[in-house]
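To keep things clear, I will list the structure first and then write my remarks on it.
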Amino acid sequence: MGNQVEKLTHLNYKEVPTADPTGMDRDEGPRIGVSYIFSNDDDELEQQQDSVHDLGGEHPALQPYDPQLHEVECSVYYRDECIYQKSGGGHLSTYTPENLLNRCKPGDLVEFVCQAQYPHWVVYVGDFQVVHLHRLEVVNSFLTDASQGRRGRIANQLYRYKPLSPAVVVRNALEQVGCKDRDLSWRNSECFAAWCRYGKREFKIGGELRIGKQPYRLQIRLGDKRSHTLEFQSLEDLIMEKRRNDQIGRAAVIQELSSHLQAAEEEEEEEDDHRHPGARTAKPTSFNEMGLMCLVPS
């Protein structure tokens, strides 16, 4: 499979580097972050779906897709610069593939979304056609076929990099058609589509050295004035985590973070007990509207 190797993943958020919840980034010297080594996630998902059909099974019943309910609002920072933002409101609105055809222009990025699936990104190249990474190969398809029945949105505004001209974006995409397996330089459809539009090597496999302190931060918004931040050594690794969050959904992400934050707080209390036995007084706790434990200011 060339660049595609055995899948490794973290078991929970306790294994992912996190930023100081106070917002202060302490300099504790070089740290080793989590590196994701994945097979292509879109390809893996589609193979699983095909296996279900081959066995005569049916997909479990899913709720109607509601972006406000299922999608994780987040921001991505490179050092202090915000390079990606997904927020609520009109930015999360989705449309049928037929409706998207009336909205797309050559060079646009389109993100197809569905509950319990990884988002699938494509580059619109005109004449109702798109180029996208599909099953370990860059292919040219009709937009309606690439959607596989999913709703989608134009995703040009999510990344904040300066885009290339539409003609260059289309050329970048078309020049890669037919590239597959060991010749691929992208792990998923999002990295491929974003590379076509912005031309940045950070979207490619191994485009950055994973050495020293993590310069990328994924800030996950949990509710009003509540967020949690994860740190990564490369944009590629961060995108893999962001896409995993999209696939498992907002409720599962909140549940994971709730468990992680509570466990971290209990460990900190135990360490305080060992350092200062009997000297610490317990702080009261409360749960916010999402069930996440938070300290009540004294």
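Suppose the filter is open to solvent by less than 40 Å² (accessible area, probe 1.4 Å), of a type in the set (A, V, I, L, M, F, W, C) and more than 22 Å from V123 (Cβ to Cβ); does I211 pass it? Lay out the reasoning, then the answer.
Values: open to solvent by less than 40 Å² (accessible area, probe 1.4 Å): no; of a type in the set (A, V, I, L, M, F, W, C): yes; more than 22 Å from V123 (Cβ to Cβ): yes.
So I211 fails the test.
Any chance you could count how many residues in the stretch 79-91 are part of a loop (DSSP other than H, G, I, E, B) and under 12 Å from R153 (Cα atoms)? Before you say what the answer is, go through the steps one by one.
First pass over the stretch 79-91, keeping only residues part of a loop (DSSP other than H, G, I, E, B): 79-80, 87-88.
With the extra rule that they be under 12 Å from R153 (Cα atoms), the set shrinks to none.
The number of residues fulfilling the criteria is 0.
For the stretch 62-80, give me the residue count where each residue is touching a residue at least 60 places away in the same chain (Cβ under 8 Å) and out of contact with any strand residue (DSSP E or B) (no Cβ under 9 Å at 6 or more places or on another chain).
First, pick out the residues of the stretch 62-80 that are touching a residue at least 60 places away in the same chain (Cβ under 8 Å): 65, 69-79.
From the residues that got through so far, the ones that are out of contact with any strand residue (DSSP E or B) (no Cβ under 9 Å at 6 or more places or on another chain) too are 69.
Matching residues across the stretch 62-80 total 1.
Name the single residue that is modelled with the lowest pLDDT among those in the stretch 72-91 being open to solvent by less than 10 Å² (accessible area, probe 1.4 Å) and not basic (K, R). So that I can check it myself, show each step before the final result.
So the first thing to find is which residues in the stretch 72-91 are open to solvent by less than 10 Å² (accessible area, probe 1.4 Å), and the list is 72, 74-76, 83-84, 86.
Narrowing further to those that are not basic (K, R): 72, 74-76, 83-84.
Working: V72: 93, C74: 96, S75: 97, V76: 98, I83: 98, Y84: 98.
My answer is V72.
What are the residue pairs meeting all of these: first residue in the stretch 226-249, first residue at positive phi, second residue in a helix (DSSP H, G or I) and at pLDDT below 95, Cβ atoms under 8 Å, and 6 or more apart or on different chains?
G249/H70
Return the total of residues in the stretch 103-138 being among the hydroxyl-bearing types (S, T, Y) and closer than 14 Å to C196 by Cβ.
Going through the stretch 103-138 one residue at a time, the tally reaches 1.
If you take the residues of the stretch 150-163 that are aliphatic (A, V, I, L, M) and assigned to a loop (DSSP other than H, G, I, E, B), which of them is surrounded by the most Cβ atoms within 10 Å (Cβ to Cβ)?
So the first thing to find is which residues in the stretch 150-163 are aliphatic (A, V, I, L, M), and the list is 154-155, 158.
Now drop any that are not assigned to a loop (DSSP other than H, G, I, E, B), which leaves 155, 158.
Numbers: A155: 22, L158: 19.
Among them, the one singled out is A155.
Quick one: is G178 touching a residue at least 24 places away in the same chain (Cβ under 8 Å) and surrounded by fewer than 16 Cβ atoms within 10 Å (Cβ to Cβ)? Even if it seems obvious, please write down each step before you answer.
Working: touching a residue at least 24 places away in the same chain (Cβ under 8 Å): yes; surrounded by fewer than 16 Cβ atoms within 10 Å (Cβ to Cβ): yes.
Taking the combined requirement at face value, the residue satisfies it.
For Y198, only one of the following conditions fails: (1) touching a Pro at 6+ places or on another chain (Cβ under 8 Å); (2) aromatic (F, W, Y); (3) buried (at least 23 other Cβ atoms within 10 Å of the Cβ). What is its number?
Single failed check for Y198: (3).
Check off (1) without any contact (Cβ under 8 Å) to a residue 40 or more places away in the chain; (2) surrounded by 23 or more Cβ atoms within 10 Å (Cβ to Cβ) for A193 and give me the number that stays unchecked.
(1)
Which residues, counting only those in the stretch 92-149, are of a type in the set (D, E, K, R), in a strand (DSSP E or B) and surrounded by fewer than 20 Cβ atoms within 10 Å (Cβ to Cβ)?
In the first step, residues of the stretch 92-149 are kept if they are of a type in the set (D, E, K, R); the result is 98, 103, 105, 108, 111, 127, 135, 137, 145.
Filter again for in a strand (DSSP E or B), leaving 111, 137.
E137 - this is the single residue of the stretch 92-149 that is of a type in the set (D, E, K, R), in a strand (DSSP E or B) and surrounded by fewer than 20 Cβ atoms within 10 Å (Cβ to Cβ).
The values are calculated or read from the model by the stated rules, or taken from the named source; none is laboratory data. All values derive from a computational prediction rather than experimental measurement. Positions of Cβ are generated from backbone atoms using ideal geometry, with glycine treated the same way; all protein chains shown enter the neighbour counts. Just so you know, the surface numbers come from the protein's heavy atoms only, side chains and all, with ligands and any DNA or RNA stripped out. Shrake-Rupley method; radii C 1.70, N 1.55, O 1.52, S 1.80 Å.
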